[in-house]
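Down below is the structure, laid out as structure tokens.
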Amino acid sequence: IIVGVPLWWRTTETYRAWLPVSQINELSNLQLQLSAEVEVVFARGTVTPEQQKKVPLTQIQDEEHTVDGDLFINAVCLVVTKIRRLQGNICLKCVFSRGHSFEVQDMDVYVGQRRTALLRIGAQMRVGKTLDQLLAHLEPRIKQVLQVMSFSHTDISAALSDRVRLSPGNKESIADSMRTFKSSPGYEITFSLLNPDPKSHRLHWDIEGAVQTYIQPLLTKLASVANFSIDSQTLYYAMLGVNPRFDSSLSAYTLHSDSLAHVINPVEARLGSNAASSNPVLNFLLYVPDAHHSPLYIHDRKKQEVPSNAFHSPRWGGIMVYNVNGFYGPEAVFPVDVNINMAKVMGVFLAQLRLLLGVQSSTAPSGFLVAPCGSNGLADWELDRLMWSRSVENVATATTTITSLAQLLEQIGNIVINDNIAEQVSSAVTSLQLAVAELETGNLRFALQYSKEAILASERAFFDPSLLHLLYFPDDQKFAIYIPLFLPMCVPILLSLLKIVSDARQKRREKQAKKD
Amino acid sequence: MRWEETVVEEATADKEDTSAPETVVQSSVPQPKDDFQEELVIRPLHSGDIYASFQFRTLWETDFMRGNKVSHYRLFPKSLGQVISKFSVRELHISFTQGYWRTMQWGQPFLPSPPGAELWVWFQDSVTDVDGTWKELTNVLSGIFCASLNFIDSTNTVQPSASFKPLGIGNVTDHRFLRYATLPREIVCTENLTPWKKLLPCGSKAGLAVLLKSEKLFHSSFHSQAVHIRPVCQDWQCKTTSWELRQTLNVVFDLHTPGQGKLEWSLFKMFSRTLTEACPLASSSKIYIDITDDPQGEQFEVSPATHLLSQAMVLGDRRTFSVYDLTQQITFGTVRSLNLLIRWKSSEDMLRPLLHAERYVAGYGLQTGEIHTLMYNNHPYRSFPVLLLDSVPWYLRLYIHTLTVTSKGKDNKPSYIHYQPSKDRVRPHLLEMLVQLPPNSVTEVTVQFERALLKWTEYTPDPNHGFYVGSSVISSLVPSIVAMDTNSTREQPLFSSFFPCKEESSYFMRVYTEPLLVNLPTPDFSMPYNVICLTCTVVAVGYGSLYNLLTRSFQIEEPSPGLAKRIANIIRKMRGVPPL
């Protein structure tokens, strides 16, 4: 026994490297502190010089967002009130100016292309009021601006939607959060031209030029968020899964929105996945209906024609139907060469791409005027917004992965934990802590960077093949090994036990007999 | 999934609208940089079988090699293009074959392939970690073709030094960038055909690919499908290069039914489909029927008849074909469908193939054995050299000192031998040699081997079936019987233009032998458990007796009377005498 038991223990134990369990548990509470810096600049003449001196330099606003009770997001809005000193590039600027600098009179707030918002002080707030009153008047406005330009409660809960069950009744925000692709270090964008009828239409699309003109500027701007790669293909004889109905009143074929869900199934089999990477794919399909089924229009739920003739599917991509039957007469000789107007197509695809990537402008409060985005299709503050929600989402995802991995490893004691897994886990934990710290200080770029690293490390640890390989030694196999030893050994023990019992009974009976 | 209509905001739609408005272009269509051709060759074999060979070629004038990313695909399949550019592939050849090509009965195939799966790849010289890239590439390809190519690892990959030269342009001949592997066990079925068909621009919706229905294709004696990618010259001067993707499918149907006297076949009988149109994307779409053996229509008749005849040099033989051009509407006639029909009238013997080979394992017992490879040169008066490539897995330990090459009873010394010994569980044996085959002779190569014992996890699920050893490859320049015309214009049919030929009087030929099935010593896999059970029982019996010894108290019991005494007592009782 002295030799056997330690030997048995030694040979049957599994190697388990140390994991930072306590730190993981700490992280799983997910107390995030987000802080955004706001610089308030007063235009000349808004405040008197005496007031200027009295303006407090910094002011901190705390705001607590509670999502589903168990995690808190402590949003700290650091309002730095500065006078005429413009500096820093990442912080928001609220420029206050007097009414007449606005051209449009019924606008209170004008959100610019970069990170600047212009606020108008109402007429009653002219010079002469006390500074405290002025600041008190400003506060809700700044809060509103912040919600539009950096993050709001709905954004954050949308980013955390995978982790937190949203309260019912919040359907719209669920739809919003479901539409957006999950955060990932890279995306593959595939444009496919579906030509079901190459016998009649010979289609030409200048996808290379269109991508350069329309898509590339946006992606260059988004390069800090994720890597993008673009490709395109042409698929022939690709049919939709639904037969469109002929509407004689329009003399056109229509596709009702209820049947859209079945449209892409046969097409998707031919789209093919990207062989060279495992990033999520955003599909954008341009469908040119065949000559016998043209024109084809999409109808929405109210049986109205959709003006863009396009639709998109959450976390998958979009399809646009492009009718070409108008470009040739009935006497045209097939096949007809058709050049596709890429400006029209790319306008739709760009809008879909913005939606799918989560660059959506949430409905601005009344009185806000949002400047049209510039040539690259994305304002600076929109990028900031995206980075805020992406960092929060990444942190949440990485935390979930790490926590569930730790739980799994704790539950199943037989899994071998190798050193490299432990290393991955601890690097994920460190990156997570760094990301959280950077979020606290408001360093968006670094926060996003660290959160990406955290995700990568945690996924690598979670999907490590060594965890799968001989995942656990099932208990029934253990029984199979030990039963041949223990079953025959039990037989004499059981027999002697039976004998003891019968002996004891007999003795009792004898005693009773004696008493009688 | 929830579907939403897209609302395009003004801001994005109001892009500068400079691009040309959509119009029907009549003349200024840019010349497409890619080109697609399809072709079907049907050759009646002398054994009464029908050989049908499909070739689909996509040419694309682009450059994967230079740094610029290729990402916009038209006819070329996107999945393969991504593979080429990601893994810096210069040439890729992959084939899946079910059945063995019987060279002696069927003659030479247009494109030879060994049974199972074969993959050979030339990487570009910019690749630093060739082995890592090869591993990743096989994994990706196994996903694309739904095949178990992921079983290709270092134990079945070799780097042939001479047998597999690049078939496309480029004079990189450093075999460090070449990887060759076969999986003789691979079974080819519908799930491999479907992704293969998906690579065609027209899919299986139009053109010749309509005929490729799996229920008929796999009900055949031989089925082989392949994908070949290589860079080729664009023009005579070779100023620009383009990429060529060749998808080939060869199938041999056994339509000879012994009961019926007449022999006839038709497209419908073979494929259960007829042709109605060419693929609209194809620049050429043709069917060739080999009528060399019967130019006057004496032995068999083809209907509908065609007057288009074409001659081509295939495998050293000048052959005559009748051609059906599917791009011409007249081919389909009034019924708008083409169903070719051939009736045989008589048949005769064919020429024996000039080069063929076979291989078998000799020896008895489970310890040693001998591999015999026989190479036949049937040329009446010319000898020619052949390159023999053998890749033998490590668990057959070759005794290379026993290697003998004999022809006509005499020792035939190979002029070049490249031998790479195996390492256990790391790499296979590689044996390449250049042998001169004398005219009208059989050359025999023998080598002895010892069977190794495997670890218990290394056995396949059915180890008693045996272990496959891939085919040997014999490549050679065979002297041609007919003088060849070197004027290789682009007009020649696809089936005759795969292997580049330089010399006039000879043609390149590759012959694969049968794969070998070798039995390895197989242990009884339930033995560990039996041992556990046995020892445990012994231990338990010992424990039981020890336990009884320790726990039971022993008392002296009066011995019971013996049997004789008892019987005697019974008898005495019956007699009324008091017992003993």
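The values are calculated or read from the model by the stated rules, or taken from the named source; none is laboratory data. Please read these numbers as outputs of a predicted model, since none were measured by experiment. All Cβ positions, even for glycine, are placed from backbone atoms using ideal geometry, and neighbour counts span all protein chains on display. Surface areas here come from the heavy atoms of the whole protein model, side chains and all, with no ligands, DNA or RNA. Shrake-Rupley method; radii C 1.70, N 1.55, O 1.52, S 1.80 Å.
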For the range A:227-243, Karplus couplings with θ = phi - 60° (6.51, -1.76, 1.60), whole Hz, Gly/Pro x: 8, 10, 10, 10, 9, 9, 8, 10, 10, 9, 6, 8, 9, 7, x, 10, 7
Simple label model, 7 Å out from Cα along Cβ direction - A:ALA223 to B:THR190, nm: 4.9
Protection-proxy order for peptides A:461-467, B:522-528, each taking the mean of Cβ atoms within 10 Å per residue, highest first: A:461-467, B:522-528
Square roots of 5 times each gyration tensor eigenvalue, C-alpha, the range B:74-196, largest first, Å: 23, 18, 15
Partner chain coverage, peptide A:302-315 - average Cβ within 10 angstrom: 3
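Does the range A:266-346 classify as rounded, prolate or oblate by the C-alpha gyration tensor (a ≥ b ≥ c root eigenvalues; a/c under 1.5 gives rounded; else a/b over b/c gives prolate, otherwise oblate)?
Values: a/c = 2.32, a/b = 1.45, b/c = 1.60.
The shape class here is oblate.
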Inter-site label distance for A:GLN212 and A:PHE463 at 7 Å from Cα along Cβ, in nm: 3.5
Accessible area expressed per residue, the range B:94-200, with surrounding protein chains retained (probe 1.4 Å, Å²): 35
Summed buried accessible area for A+B [probe radius 1.4 Å, Å², rounded to 100]: 5400
The range B:518-580 shape via C-alpha gyration tensor axes, a/c threshold 1.5: oblate
Inter-probe distance in nm under a simple model that places probes 7 Å from Cα toward Cβ, at B:ARG572 and B:LYS198: 9.9
Amide H within-cut-off set for B:GLU514, under 5 Å, with H built and near neighbours excluded: B:ARG359
Accessible carbon and sulfur surface of the range A:473-515 relative to its total accessible area, %, 1.4 Å: 67
Whole-Hz ³J(HN,Hα) from phi, Karplus 6.51 cos²θ - 1.76 cosθ + 1.60, for the range A:278-285, glycine and proline x: 10, 6, x, 10, 9, 9, 10, 10
Kirkwood hydrodynamic radius (C-alpha pairs) into Stokes-Einstein, the range B:321-449, 25 °C and 0.890 mPa s, D in µm²/s: 132
The range A:263-348, accessible surface, carbon-and-sulfur percent (1.4 angstrom probe): 52
Long-range tail of P(r) for the range A:220-275 (Cα pairs > 16 Å, %): 63
Restraint check, A:LYS199/A:LYS344; B:LYS165/B:LYS198; B:LYS78/B:LYS205, Cα-Cα greater than 22 Å: A:LYS199/A:LYS344; B:LYS165/B:LYS198
Cα-Cα P(r), the range A:183-264, percent of pairs per 5 Å interval: 3, 11, 15, 15, 16, 16, 13, 7, 3, 1, 0
